[in-house]
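For reference, the structure discussed in these notes is given below.
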Amino acid sequence: MDDHAATAPTAHDDVKVDVTTRLASLERRQRWAGAVAAFAGAALLLGGAGPIGDDPPLPVPAVFETSGPGGSVWIGIDETGRPRLLLRDSGGHDRIELRIDKGATPRISLRDQAGAGRIELSLLDEATPRIMLLDERGKDRAKLFLMPDGSPLVYLKDRDGTPRAEMASVDGRFHGFVVFDEERSPSGLLAEMPGGAALLRLRQPDDSVWSAPPALE
């Protein structure tokens, strides 16, 4: 059995709480109330994208297993009674895993030759597709969600795991993105608001805000 068979990374941050908290800080510190409220509304539509559960346990003996010159297929039930399918390369490394997680969440994980998950596809709460991109350490660096109303939402992190950019597009409400500094404080916002009005906010080193058009008091 490959040592990496049960090390697929899982989601570990509650998207709704995380984004809403940071945007509330942005609103409090920078008075970007209108744009922030619209963006927070987009995040709230995502509800249910939080933690899914722990990594699955090691599989029990296979229900079906076969191999050929190019690799092998393993199909079985893990110790919790959930089904799993593993595709291994000719070196015996797990490269693709299909499983059902806690909460009946379907998940597909694509792995590199070292066994680290690099791309993960899942369906949260039966209504929110998610694609997650991970680095060679198995740390998530980018996530793409399609919210239940069909609106896309994107999160980007730096190598240290610090959120650096979030982007959303909600018809009739908000289209744009927010960027963050190394302290996770919002530092900029570019958006198209209802009615087609463009909005730009940039935080200056002295914590003042440059705005175009100028912010209304």
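The values are calculated or read from the model by the stated rules, or taken from the named source; none is laboratory data. Predicted model only: the values in this text are computed from it and were never measured. Positions of Cβ are backbone-derived with ideal geometry, glycine not excepted, and every protein chain shown enters the neighbour counts.
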Margin query: Can you confirm whether Leu156 is in contact (Cβ under 8 Å) with a residue 60 or more places away in the chain, part of a strand (DSSP E or B) and either buried (at least 16 other Cβ atoms within 10 Å of the Cβ) or in contact with an Asp or Glu (Cβ under 6 Å, 6 or more places away or on another chain) (or both)?
Written below: no
Notebook entry, point to check: Can you tell me which residues in segment 87-109 are within 25 Å of Ala127 (Cα to Cα) and either assigned to a strand (DSSP E or B) or of a type in the set (Lys, Arg) (or both)?
Noted result: Ile96, Glu97, Leu98, Arg99, Ile100, Asp101, Lys102, Thr105, Pro106, Arg107, Ile108, Ser109
Notebook entry, point to check: In segment 174-217, which residues are in contact with a strand residue (DSSP E or B) (Cβ under 7 Å, 6 or more places away or on another chain), over 19 Å from Ser151 (Cβ atoms) and charged (D, E, K, R)?
Noted result: Asp181, Arg184, Arg201, Arg203
Next item on the list: Output the number of residues of segment 113-137 satisfying the condition of being assigned to a loop (DSSP other than H, G, I, E, B) and crowded, with 18+ Cβ neighbours inside 10 Å.
Entry: 1
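Residues checked against (1) assigned to a strand (DSSP E or B); (2) acidic (Asp, Glu):
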site: Val179; (1), (2): yes, no
site: Glu183; (1), (2): no, yes
site: Gly188; (1), (2): yes, no
site: Gly195; (1), (2): no, no
Notebook entry, point to check: In segment 184-217, which residue that is small (Gly, Ala, Ser) and in contact (Cβ under 8 Å) with a residue 24 or more places away in the chain is surrounded by the fewest Cβ atoms within 10 Å (Cβ to Cβ)?
Noted result: Ser185
Next item on the list: Might you let me know whether segment 45-59 holds any residue that is modelled with pLDDT of 90 or more, part of a strand (DSSP E or B), surrounded by 15 or more Cβ atoms within 10 Å (Cβ to Cβ) and not small (Gly, Ala, Ser)?
Entry: no
Next item on the list: Working only within segment 60-106, note down all residues that are of a type in the set (Lys, Arg) and either modelled with pLDDT under 90 or exposed (fewer than 15 other Cβ atoms within 10 Å of the Cβ) (or both).
Entry: Arg82, Lys102
